[in-house]
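Trainee: Just dropping this structure here.
The values are calculated or read from the model by the stated rules, or taken from the named source; none is laboratory data. Everything numeric here is computed off the predicted structure, so don't read it as measured data. Glycine gets a Cβ as well: all are built from the backbone with ideal geometry, and neighbour counts include every protein chain shown. Only protein heavy atoms, including side chains, enter the accessible area calculation; ligands, DNA and RNA are left aside. Shrake-Rupley method; radii C 1.70, N 1.55, O 1.52, S 1.80 Å.
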Amino acid sequence: MARLSLSEIPHDIWVVAELDAEHREPTPLALEMTYGARMAADLMGFYVKVVVLGSDLPDVSASLIQAGADRVYLVDHPAVASLAVEPWLKALSDVFLAQSPEFVLFGATPLGGELAPRLAQRFGGGLIARCVSLRVDDFDRAFVGRRAAYGGEYYEVVATSGPAPQFATALPDCFGPPYMDASRFGETEGVELELERGAWSVGESEVVEFEMPVPKLKNARRIVSVGRQVGDVEAAKRLASAIGAEFAGAREAIDEGYIDESWVVGITGERVGPDLYIALGIRGDTMHAFGIQDARCVVAVHPDPDAPIFKQADAGIVGDPAKVAGELMKLLRDT
Amino acid sequence: MKIVVCVKQVLDPRGFTVNRKAEKVFVNREEYVLDPASNVALRVASTVKSALEASNGATPPEIVAMSLGPDRVDDALREAMAFGAGRAIHLKDAAFESADAMVAAHALAAAIGKLGGADLVLLGARSLDTSSGELPPRLAEALDLPHAANAVSLDVREGRAWIVAKHGDSFTRFSTPLPVVVSVIPEAFETGYASGWRLMDAYKKWSVEAWSAADLSMTEDDLRPGAVKKGEAFPAERQFGTRVGDAAELAEILRRERVI
């Protein structure tokens, strides 16, 4: 696709709002983005323009206006009834060509994740994908956003630049809950477009069953995990079997011969989310920390009081992991 | 039949630690590895190639691996050859140093054009480092091709790609005529290792071609990134949890919190 250029100097901030499939009203993320756009618009002196696409659209503008939209564009066309991407792309390119947006916000949804990069490429614009926070910098006239690196262990700060339209996709909570102002006024406008089914002929699609390979620890409710400092690994294994837990380890436990490749917890292994995660002799570096972010309760035993694992643990004991494991086994055996 | 696999190299997470208090990423060992999603894309390409060979296609399928980046990317491309790529192309130019996904998509699309097009372009859906998923749709756009996102299964026959893709919590099956860009979800496939012998051959016997921005006839406009990385930011430092004296006290807490 040849690159498209805008005829006018770009202006205003746009939100592409998706509708809840069931209730046919703007999703919470769409309202949150509209509110985020409102804050940027108040700083910059923009209008907030929201575009909604679908077939047989109900009047969805009221809540979008309350969240901060100055104008809501409704593209009502049978071609955008399904989520086939091509008519959506055509519709949005036509709207953007006619309206010259400076900033465009999409939700970081499956649809937004497809449309935003394609439109950014089409208009020669930068994109910050999957922002956990985002603002418009009034000095540089640029989106500045944070996106997660290595599963959220830290963030990369990324800035887009003009003069082409600038794009971002936002994750939920990027801006915080919207302030719904019932006294706000806004306009609603229907947009007539010529849309076709498109040339990318995808055959009939059907919903099918598919078995994703289930990671070994995915459904484990309790995990006993070991690291280099565990001491007597057999004590840890006994604890695991006594409380009905899976036995796993940090990557370093492979080097010690305690576990094999398929039982590693961490960035290069599995991300787990058990109710109880008992870390025995694991120092707890970044790689491992990533793997246990979703665990409900983390217990750590390590001889070094400064081990980073204690910062992730709900309860920690500084001491000999094997000894504590043995005692704990006796205390918990009957539960 | 030409299959292009675009691969990425990422900083090995085993080599760095994130210190939230100091707000720094400490790189202890600066090593780069083939992104797990690229590993899977290469393996899917080999599977497709073997299936096509078994069904006696008219022209033997060829796998071309491509990557954009500095000198170190050479390792990723040799690994790709060890995984079965017959040809590896390194898009290497000082002008690519500031490349974002937009410039990368331009360059990869231009390189695929220079190859005379591809029937199938394969990528990982999300990389380990940024997980932005930005490149596959951008590349599809630059090539003016459809993009089958989040594929969990791929089969090529009779000039069509048969795909099962993940949509939220469900899966759909569809087919689309070639050429097409397909991005694969790494978790849906087993990762694997390249054979050691092939890896040795990749370094000793085979060579990686290098193409510059000029080779790809890229203009200054094509090379200007739309987004730049400004730095890092860090979540709040984790707080120490409760320090517990002994196992008895710990067992008590676990019971009280009803986790056991």
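Trainee: Report yes if some residue within the range B:210-227 is facing chain A (nearest Cβ under 8 Å), open to solvent by less than 60 Å² (accessible area, probe 1.4 Å), closer than 30 Å to B:K21 by Cβ and not in a loop (DSSP other than H, G, I, E, B); otherwise report no.
Mentor: yes
Trainee: Going by the structure shown, is A:L53 assigned to a helix (DSSP H, G or I) and of a type outside the set (S, T, N, Q)?
Mentor: No; evaluated as a whole, the condition is false for this residue.
Trainee: Given the criterion open to solvent by 50 Å² or more (accessible area, probe 1.4 Å), in a loop (DSSP other than H, G, I, E, B) and touching a residue at least 12 places away in the same chain (Cβ under 8 Å), identify the matching residue among B:S132, B:S98, B:S127.
Mentor: Checking each option against the conditions leaves just B:S98.
Trainee: Mind checking whether some residue in the range A:131-140 is within 11 Å of chain B (Cβ to nearest Cβ), surrounded by 24 or more Cβ atoms within 10 Å (Cβ to Cβ) and touching a Gly at 6+ places or on another chain (Cβ under 8 Å)?
Mentor: Checking the range A:131-140: at least one residue is within 11 Å of chain B (Cβ to nearest Cβ), surrounded by 24 or more Cβ atoms within 10 Å (Cβ to Cβ) and touching a Gly at 6+ places or on another chain (Cβ under 8 Å).
Trainee: Follow-up question, since we're still on this one. Kindly state which strands (runs of 3 or more DSSP E) lie completely within the range A:103-160 and contain at least 3 residues that are closer than 16 Å to B:R138 by Cβ.
Mentor: Here the list reads A:127-137.
Trainee: Filter the range B:166-188 down to the residues that are among the hydrophobic types (A, V, I, L, M, F, W, C) and more than 8 Å from chain A (Cβ to nearest Cβ), then identify the one that is farthest from the chain's Cα centre (by Cα).
Mentor: B:L178
Trainee: A:L83 fails exactly one of the following numbered conditions: (1) at pLDDT below 95; (2) open to solvent by less than 10 Å² (accessible area, probe 1.4 Å); (3) within 14 Å of chain B (Cβ to nearest Cβ); (4) closer than 23 Å to A:E32 by Cα. What is the number of that condition?
Mentor: Exception for A:L83: condition (2).
Trainee: Additional query: Please note which strands (runs of 3 or more DSSP E) are completely contained in the range A:188-272 and include at least 2 residues that are under 17 Å from A:H302 (Cβ atoms).
Mentor: Passing ranges, in order: A:222-226, A:246-249.
Trainee: Considering only the range A:20-32, I want to know if a residue exists there that is outside any loop (DSSP other than H, G, I, E, B), under 24 Å from A:E102 (Cβ atoms) and over 23 Å from the mean Cα position of the chain (by Cα).
Mentor: Within the range A:20-32, none of the residues are outside any loop (DSSP other than H, G, I, E, B), under 24 Å from A:E102 (Cβ atoms) and over 23 Å from the mean Cα position of the chain (by Cα).
Trainee: While we're looking at this one, here's another question. Is it the case that the range B:8-30 has a residue that's open to solvent by less than 50 Å² (accessible area, probe 1.4 Å), under 17 Å from B:L128 (Cβ atoms), among the acidic types (D, E) and out of contact with any helix residue (DSSP H, G or I) (no Cβ under 9 Å at 6 or more places or on another chain)?
Mentor: Scanning the range B:8-30 turns up at least one residue that is open to solvent by less than 50 Å² (accessible area, probe 1.4 Å), under 17 Å from B:L128 (Cβ atoms), among the acidic types (D, E) and out of contact with any helix residue (DSSP H, G or I) (no Cβ under 9 Å at 6 or more places or on another chain).
Trainee: Still on this model: Wholly within the range B:150-196, which strands (runs of 3 or more DSSP E) include no fewer than the required count, namely at least 1 residues that are within 17 Å of B:G124 (Cα to Cα) and hydroxyl-bearing (S, T, Y)?
Mentor: The qualifying strands (runs of 3 or more DSSP E) are B:180-184.
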